[in-house]
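Q: Here it is, the structure, as structure tokens.
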């Protein structure tokens, strides 16, 4: 495979697509598929055949606004239809070339206007199981350019210049990490993609892996070239069977096209990727635990240093990045580091994908430039809190993050700003809560999650989370005292400072941030034995069913 | 096992394959896998018990999984779970005495935009209501 061949494929796909007068794209992501997008697509095929029009019907990955599902987009006019079912197929087929079906049409201009799509640039435009669709949208061009025109150091320089930081949550500068692995000695190195999206309430990585799998593979291949690795692993959660099958198909297609394997593009560079399945352990998102899991062991973290960049898989230097980080690589190599660095804020460059869920009108995936105000995400893109309720808090970063109250909505989203208010960027879950959510109860929910997910290796996390849970349960049941609050704070500090890995260190965040911004709710629970949101049951605990 | 070249590090992959073929991992199968891959039985057992996804008990004929992710929780999945427990008289992770229905919780299936989510035998159903779920359970109970 050479660049010329790549361009030929792209050209032939374009010619093929030009034969059609219309393109009807049907979103087949999990949310839409669970509402009958499959039947809808079949019905559309039948209806358009009957109408005799020249139409291409395409299955695509997630288009973003999942609450409007199942979604259909008609090109070239870019008309969006929401809540479409199989019975509407005929109406849509008949409308092609004429007036759009107004009853189904939805106006998403406000939703899309504020967004900038880099990672999701192909979402809703390609069939995830067709490599040629990806190639037609400049896919694998970055890989071949890097292989033929750039040195590994040149690639690392470009990534460093872009200012890209790890999208898994930690925000470690990606270029720096690549440089460390590249400098590490030894001829055997590994590249690992962390697709263990354990953060409940986040599904960006699933959408990328399912909707645009080649983008992840291309990013990994470029990374492997830059750091000098020849073998890659993608670690995917077992809860994402579709992602696994899409990635398997994508890997097979890439090998067939000679974009993976030996001597890619007639260069000495060889690279291949294997998929590894997770088995339901949140802690495996932590890099050392993830490596243990790939090696087929219990996913328990190890103390760092040595960092995986020096001693990772089987003791070899290993580069670990998140799905979204790899998804950013190809556009950066293609468009240059400057282009990427021009987006975003001072110290957080580029864009970030968020999974907007909870009590909000437009749930779904959004991609916004860093530095955008939370208020814009929630009120403009998200359409605000529905059913006349009032906004109370937004939770970012999953069980390791914190709750941000309404007063702070004018905060610009960046790694440092979120850290400063006691939350974290995390992998990108954004859960909106309204006045019907009790913050003490929410904190208890996260602590319970961390308690059950603690691997049990170090004591602060194993015992500390259980004690936090007991204290919070007491408060929720109206049996707490003011001393409990002080105890809770000191316990949180201890866990934060002494835990081994990220899971333990960040597990007190939900408690500390709710205590900071919603202390009056805790006090209401303790002093007045009353839950302001009416969630906690203050009477005797409900008998557990045997 | 052959697909992964009997590699020791493919233990988790192998266990996945066994579980999807037999529904659960019983003593015999864990012993067999451990011996075939030349890993200590203690490591194989340790891995099986560490990861939530592996089950030592056979599942019921049908499985009702309720997502316990944050978005689902905020939208009331705890009430769904409580209702299911009351209806079936079992705790999450257990199977009814007649072996018809297993009740499970999932950590997050990634369909958060349609919370609360339940999985009926692996099929995702979003924006679930209590009545919806109880109807499904009743249908299964008589099957």
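Q: Would you say residue B:39 is facing another protein chain (nearest Cβ under 8 Å), closer than 23 Å to residue A:233 by Cα, at pLDDT 90 or above and not in a helix (DSSP H, G or I)?
A: Taking the combined requirement at face value, the residue satisfies it.
Q: Considering only segment A:153-183, state which residues are part of a loop (DSSP other than H, G, I, E, B) and either in contact with a helix residue (DSSP H, G or I) (Cβ under 8 Å, 6 or more places away or on another chain) or at pLDDT 95 or above (or both).
A: Residues satisfying the conditions are A:163, A:164, A:166, A:167, A:168, A:169, A:170, A:171.
Q: Taking the condition of being free of Cβ contacts under 8 Å to residues at least 40 places away in the same chain, part of a helix (DSSP H, G or I) and either closer than 21 Å to residue A:187 by Cα or within 20 Å of the chain's Cα centre (by Cα) (or both), how many residues in segment A:248-291 meet it?
A: Total satisfying the criteria: 1.
Q: Continuing with the same structure: Could you tell me which residue of segment A:28-53 is surrounded by the fewest Cβ atoms within 10 Å (Cβ to Cβ), considering only residues that are touching a strand residue (DSSP E or B) at 6+ places or on another chain (Cβ under 7 Å) and under 16 Å from residue B:126 (Cα atoms)?
A: Ranking the qualifying residues of segment A:28-53, first place goes to A:34.
Q: Tell me which residues, restricted to segment B:117-127, are touching a residue at least 40 places away in the same chain (Cβ under 8 Å), within 11 Å of chain A (Cβ to nearest Cβ) and outside any strand (DSSP E or B).
A: Residues satisfying the conditions are B:117, B:122.
Q: Does residue A:305 satisfy the condition of being out of contact with any helix residue (DSSP H, G or I) (no Cβ under 9 Å at 6 or more places or on another chain) and either under 25 Å from residue A:505 (Cα atoms) or not in a strand (DSSP E or B) (or both)?
A: So residue A:305 fits the description; yes.
Q: Among the candidates A:77, A:99, which residue alone is part of a loop (DSSP other than H, G, I, E, B), within 30 Å of residue A:384 (Cβ to Cβ), without any contact (Cβ under 8 Å) to a residue 24 or more places away in the chain and away from every other protein chain (no Cβ under 14 Å)?
A: Answer to the check: A:77.
Q: Another question, then. What single numbered condition from (1) more than 8 Å from chain A (Cβ to nearest Cβ); (2) out of contact with any strand residue (DSSP E or B) (no Cβ under 8 Å at 6 or more places or on another chain); (3) in a helix (DSSP H, G or I) fails to hold for residue B:6?
A: Unmet condition: (3).
For every residue, the table says whether it meets (1) outside any strand (DSSP E or B); (2) touching a helix residue (DSSP H, G or I) at 6+ places or on another chain (Cβ under 9 Å); (3) surrounded by fewer than 16 Cβ atoms within 10 Å (Cβ to Cβ); (4) at pLDDT 90 or above.
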position	(1), (2), (3), (4)
B:65	no, no, no, yes
B:84	yes, yes, no, yes
B:87	yes, yes, no, yes
B:104	no, no, no, yes
B:109	yes, yes, no, no
B:113	yes, yes, no, no
B:138	yes, yes, yes, yes
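Q: If you take the residues of segment A:80-93 that are more than 14 Å from chain B (Cβ to nearest Cβ) and part of a loop (DSSP other than H, G, I, E, B), which of them is farthest from the chain's Cα centre (by Cα)?
A: Selected residue: A:85.
Q: Please find, among A:360, A:431, A:377, the residue that is within 19 Å of the chain's Cα centre (by Cα), at pLDDT 90 or above and assigned to a helix (DSSP H, G or I).
A: None of the others qualify; the one that does is A:377.
Q: Which ones in segment A:296-311 are surrounded by fewer than 20 Cβ atoms within 10 Å (Cβ to Cβ) and facing chain B (nearest Cβ under 8 Å)?
A: If the condition is that a residue be surrounded by fewer than 20 Cβ atoms within 10 Å (Cβ to Cβ) and facing chain B (nearest Cβ under 8 Å), then A:297 is the only one that fits.
Q: Something else about it: For residues that are outside any helix (DSSP H, G or I) and within 29 Å of residue A:305 (Cβ to Cβ), tally how many sit in segment A:450-504.
A: Result for segment A:450-504: 8.
Q: So for segment A:402-423 (the condition being under 16 Å from the mean Cα position of the chain (by Cα), within 14 Å of chain B (Cβ to nearest Cβ), crowded, with 20+ Cβ neighbours inside 10 Å and touching a residue at least 60 places away in the same chain (Cβ under 8 Å)), does at least one residue qualify?
A: Within segment A:402-423 (the criterion being under 16 Å from the mean Cα position of the chain (by Cα), within 14 Å of chain B (Cβ to nearest Cβ), crowded, with 20+ Cβ neighbours inside 10 Å and touching a residue at least 60 places away in the same chain (Cβ under 8 Å)), the answer is no, since none of the residues qualifies.
Q: Let me spell it out: the conditions are (1) on the phi < 0 side of the Ramachandran plot; (2) under 22 Å from the mean Cα position of the chain (by Cα); (3) away from chain B (no Cβ under 14 Å), and residue A:171 meets all of them except one. Which number is the exception?
A: (1)
Q: Please find, within segment B:89-100, the residue that is nearest to residue B:52 (Cα to Cα) out of those that are within 13 Å of chain A (Cβ to nearest Cβ) and touching a helix residue (DSSP H, G or I) at 6+ places or on another chain (Cβ under 7 Å).
A: B:92
The values are calculated or read from the model by the stated rules, or taken from the named source; none is laboratory data. Predicted model, so just to flag it, every value in this text is computed and none were measured. For neighbour counting, all protein chains shown are included, and Cβ atoms are generated from backbone atoms with ideal geometry for every residue, glycine included.
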